[in-house]
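Participant: Sharing a structure below in structure tokens format, with a few things to ask.
No value in this document is a laboratory result; all are computed from the given coordinates. Being a predicted model, the structure only gives us computed values, none of them experimental. Note: ideal-geometry Cβ built from the backbone for every residue, glycine included; neighbour counts use all protein chains shown.
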Amino acid sequence: MEKGNGCYFSIMASSATITFFLIGITLVVCRVLYAMYWSNKPLRKRAPQPVSTLIVLGSGGHTAEMLNLLSVLQKDRFSPRIYIAAATDNMSLQKARLFENSLADETGVSAVKTAQFLQIYRSREVGQSYITSVWTTLLAIVHALQLMIKIRPQVIICNGPGTCIPICAIAFLFKVIGIRWSSIFYVESIARVKRLSLSGLLLYKLRIADEFFVQWPQLQRKYPRAHYVGCLM
Amino acid sequence: MGDTENGEKASKTVFVTVGTTLFDALVRAVDSLEVKQELLKRGYTNLVIQMGRGSYTPTKSGGEDGSLAVDFFTFSSSIADYLRSASLVISHAGSGSIFETLRLGKPLIVVVNEDLMDNHQIELAEELAERKHLYCARPQTLHQTIESMDLESLLPYPPGDAMPVAKLINQFLGFPDD
């Protein structure tokens, strides 16, 4: 009898665990779907306050496109601005600094107050072996998490480099958990005419980007949720 | 670089750039006899090559006895100056070099690097070639492109505009239009 009781209890206990587990999973899935659903919707409240903006820079052409976009965005609305680039890429942050300094000259407001420049580990350098890249990817994710907890930006703007993937994934996680609702804007590089980049494809398919912009009409036909905005360069 | 040099015939410079990458196939192609001959036939007098991290070194030449004067360097912080003084630009397919050249209104031949693994750069060069803003070539077909190109038929590239994106971002965040 006793043995039977124990068995009964353990069945009870395990079915309770399974139930809780299932409820838990359902809640998480619901929350993820909620975040996905609302991600593509414009913010309902008007935003008279300036928004903290994280700008993910890539190399060369990517940075030039991003700075072209920033030059027409209202600086008083998108402030403070935090620039982030791969640790191995010195050029991009230097260009961003020049850009911010030229703004400071125009407005008379010191760039130190409105802009910040950060570097992030890259998950994989060009030509790095896949085995060591497992370790470096982990490192890159932990580093991105650390930075994102500190920054918690209201707006993220990115245009293609792989460094934006961990950042956007963490931003989406923050949405799900309820830490911060960041609006993610992704502008596919002008170099992509017929096919999206891997970063673009991931952010589009997983619906992580709130708004997705492409610079060629061919891409918009292929990815109907994207906005065609013409060439930035 | 001026239009007249000591009353002799005006110098016309071809500037070749590979950007921050290495692209030996392009440097080798412009250093080849057939490309140099086609450039001479077209009236160019000088060839300046920015060779980047490549290992192939072209042969320098002073341009005596009517041949093409050839000069090269690895990197420079004043690429813009070279672009400005060039009569023709031959470039790798990086979007930075392409748009910088087009914005200056210089005739451009983009040479696609077929050795790159993820060669999406072809897309941009071909699209812009289809729209007649530039010519697109491969290292081995460069001399044919130079021979057959008609620079008069190239159309100026209209400058890009970031306003549509900025507008949509503002709308999404609930900022009023101004």
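Participant: With unit charges on the beta carbon (Lys/Arg positive, Asp/Glu negative), name the residue among A:Val176, A:Tyr204, B:Thr145 whose Cα is farthest towards the positive pole of the charge dipole of the protein assembly as shown.
Facilitator: A:Val176
Participant: So, one more: GNM, chain A, Cα, under 10 Å: largest mean-square fluctuation among A:Leu145, A:Leu43, A:Leu93?
Facilitator: A:Leu43
Participant: Also, quick follow-up: Under a point spin-label approximation (7 Å from Cα along Cα-to-Cβ), what is the B:Ala10-B:Ser32 distance to one decimal in nm?
Facilitator: With each label placed 7 Å out from Cα toward Cβ, I get 3.0 nm.
Participant: Here is a follow-up. Which far-off residues, 5 or more places away or on another chain, put their amide H under 5 Å from the one on B:Leu47, with H placed in the peptide plane?
Facilitator: Correct list: B:Val14, B:Ala69, B:Val70, B:Asp71.
Participant: Pairs of lysine in segment B:13-173 with Cα under 29 Å and at least 8 positions apart or on different chains: total?
Facilitator: Working: B:Lys36/B:Lys60; B:Lys36/B:Lys106; B:Lys36/B:Lys132; B:Lys41/B:Lys60; B:Lys41/B:Lys106; B:Lys41/B:Lys132; B:Lys60/B:Lys106; B:Lys106/B:Lys132.
The number of close lysine pairs in segment B:13-173 is 8.
Participant: Next up: Can you give the net charge of the other residues whose Cβ lies under 14 Å from the Cβ of A:Leu118, counting K and R as +1 and D and E as -1?
Facilitator: Working: positive: A:Arg81, A:Arg97, A:Arg122, A:Lys150, A:Arg152; negative: A:Asp89, A:Glu100.
Summing Lys and Arg as +1 and Asp and Glu as -1 gives +3.
Participant: Ranked highest first by the average count of other Cβ atoms within 10 Å around their residues, in what order do B:134-146, A:68-80 fall?
Facilitator: Details: B:134-146: 19.2, A:68-80: 17.2.
Averaged packing, sorted descending, gives the order B:134-146, A:68-80.
Participant: While we're looking at this one, here's another question. What is the protein assembly as shown by shape, rounded, prolate or oblate, if you read a ≥ b ≥ c off the alpha carbon gyration tensor as root eigenvalues and call it rounded for a/c under 1.5, prolate for a/b larger than b/c, and oblate otherwise?
Facilitator: prolate
Participant: Continuing with this model, one more query. What are the residues whose amide H is under 5 Å from the amide H of A:Phe117, where those residues sit 5 or more places off or on another chain and H is modelled from the backbone?
Facilitator: Result for A:Phe117 returns A:Tyr83.
Participant: Let me ask something else about it. Can you give the average number of partner chain beta-carbon atoms within 10 Å of each beta-carbon in peptide A:189-198, as a whole number?
Facilitator: Numbers: counts 3, 7, 12, 4, 10, 6, 2, 1, 2, 1.
So the per-residue partner count for this stretch is 5.
Participant: Can you give the FRET efficiency for B:Glu114 and A:Glu125, using 1/(1 + (r/R0)^6), R0 = 25 Å, r = Cβ-Cβ distance, to the nearest 0.05?
Facilitator: 0.65
Participant: Hey, got the dipole for segment A:56-129? About the Cα centre, +1 on K and R Cβ, -1 on D and E Cβ, debye to the nearest 20?
Facilitator: 180
Participant: In addition: Return the sequence-ordered ³J(HN,Hα) values of segment A:164-175 in whole Hz as given by the Karplus equation 6.51 cos²θ - 1.76 cosθ + 1.60 applied to θ = phi - 60°, using x for Gly and Pro.
Facilitator: Once rounded to whole Hz, the list reads 6, 5, x, 5, 5, 5, 5, 4, 5, 4, 4, 4.
Participant: Taking 0.36 nm per intervening residue step and subtracting the Cα-Cα distance, what contour gain separates A:Val29 from A:Ile11 on full extension?
Facilitator: Between A:Val29 and A:Ile11, full extension yields 3.8 nm more.
Participant: A follow-up question, please. Roughly what would the spin-label model give for B:Phe73 and B:Gln140, points 7 Å off Cα along C-beta, in nm?
Facilitator: The modelled label-to-label distance comes out at 3.4 nm.
Participant: Give the span of segment B:13-173's Cα atoms along each principal axis, as three whole-Å numbers ordered largest to smallest.
Facilitator: 65, 34, 28
Participant: With the Cα gyration tensor of segment B:32-90 giving a ≥ b ≥ c as the square roots of its eigenvalues, does the rule (a/c under 1.5 for rounded; else a/b larger than b/c for prolate; else oblate) give rounded, prolate or oblate?
Facilitator: It is oblate, given that a/c is not under 1.5 and a/b is not larger than b/c.
Participant: Which of the lysines could a cross-linker span from A:Lys205 if the Cα-Cα distance has to be under 21 Å and same-chain partners fewer than 8 positions apart are dropped?
Facilitator: Leaving aside lysines fewer than 8 places away in the same chain, those within reach of A:Lys205 are A:Lys41, A:Lys175, A:Lys194, A:Lys222.
Participant: Gain in length, B:Leu40 to B:Lys60, computed as 0.36 nm per residue apart minus the alpha-carbon separation, to one decimal in nm?
Facilitator: Stretched fully, the B:Leu40-B:Lys60 segment lengthens by 5.6 nm.
Participant: Give a quick list of GluC sites (Glu not before Pro) in segment B:52-130 that DSSP marks as loop, anything other than H, G, I, E or B, with at most 13 other Cβ atoms within 10 Å.
Facilitator: Here the sparse-neighbourhood loop sites are B:Glu114.
Participant: Tell me, what is the FRET efficiency for A:Lys205 and A:Gln116 to the nearest 0.05, using R0 = 30 angstrom and their Cβ-Cβ distance as r?
Facilitator: 0.45
Participant: Mind giving me the FRET efficiency for A:Arg221 and A:Ser133? R0 is 35 Å, r the Cβ-Cβ distance, nearest 0.05 is fine.
Facilitator: Plugging the Cβ-Cβ distance into 1/(1 + (r/R0)^6) gives 0.50.
Participant: Report the per residue volume, in Å³, of the convex hull enclosing the C-alpha atoms of segment A:28-127.
Facilitator: Numbers: hull volume 15.4 nm³, N = 100.
For segment A:28-127, the hull spanned by Cα atoms encloses 154 Å³ per residue.
Participant: If you place +1 on the Cβ of every Lys and Arg, -1 on the Cβ of every Asp and Glu, and leave all else neutral, what size is the dipole of segment B:44-178 about its Cα centre, to the nearest 20 Debye?
Facilitator: 240
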